[in-house]
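First the structure, in the form of structure tokens, and then the observations on it.
The values are calculated or read from the model by the stated rules, or taken from the named source; none is laboratory data. The model shown is predicted, which means the values in this text are computed figures rather than measured ones. Every residue, glycine as well, gets a Cβ built from its backbone with ideal geometry; the counts of neighbours run over all protein chains shown.
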Amino acid sequence: MSHPHNTSYRGDRLWLAAMVHRVSGVLLAAFLPLHFLVLGLAINGGDELNGVLRWTDNPAVKLAESLLILALVVHFLGGLRLLAIENFTWRNGQVKLAAAAASISMVVAFVFLVRVL
């Protein structure tokens with residue numbers, strides 16, 4: 001039995017860029033409660049916050065921070081791509097813009113990782 005909807009667009013680079021934008025948004029939203037928890041520790045007292053800050057010296061945490069920066073940059077650039085799609089009439093260069101956004105995101109995350117390690 002065939003599906004009534006055409007899904008041939010899946011796997012297209014622009015569809016992939018849109019999906020990465022959505023996933024990065026979900027990851028950033030999942031991070032926010034953790035961020036607020038740490039901010040709450042700073043308000044409640046220095047000892048608990050110092051424990052969390054010592055834990056952040058762990059290389060695995062540094063890698064996770066770099067992935068968070070990657071998600072932030074990907075989401076930001078994906079949002080700019082959407083603004084361009086919705087507000088400008090050109091459409092031919094969208095694949096190149098998505099590739100440029102991915103490249104810039106990777107460079108920013110790598111630079112961050114190198115600086116924190």
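Restricting attention to the range 36-79, which residues are touching a residue at least 24 places away in the same chain (Cβ under 8 Å) and more than 17 Å from ALA109 (Cα to Cα)? Listed by number, the list holds a single entry, GLY79. Hey, could you check the range 101-111 for residues that are within 12 Å of GLY78 (Cβ to Cβ) and over 11 Å from the mean Cα position of the chain (by Cα) and say which is surrounded by the fewest Cβ atoms within 10 Å (Cβ to Cβ)? Within the range 101-111, the match that is surrounded by the fewest Cβ atoms within 10 Å (Cβ to Cβ) is ILE104. Is it the case that LEU82 is part of a helix (DSSP H, G or I), in contact (Cβ under 8 Å) with a residue 60 or more places away in the chain and surrounded by 11 or more Cβ atoms within 10 Å (Cβ to Cβ)? So LEU82 fits the description; yes. Consider the range 1-25 and keep the residues that are over 18 Å from ARG81 (Cα atoms) and not small (Gly, Ala, Ser). The one that is modelled with the highest pLDDT is ARG10.
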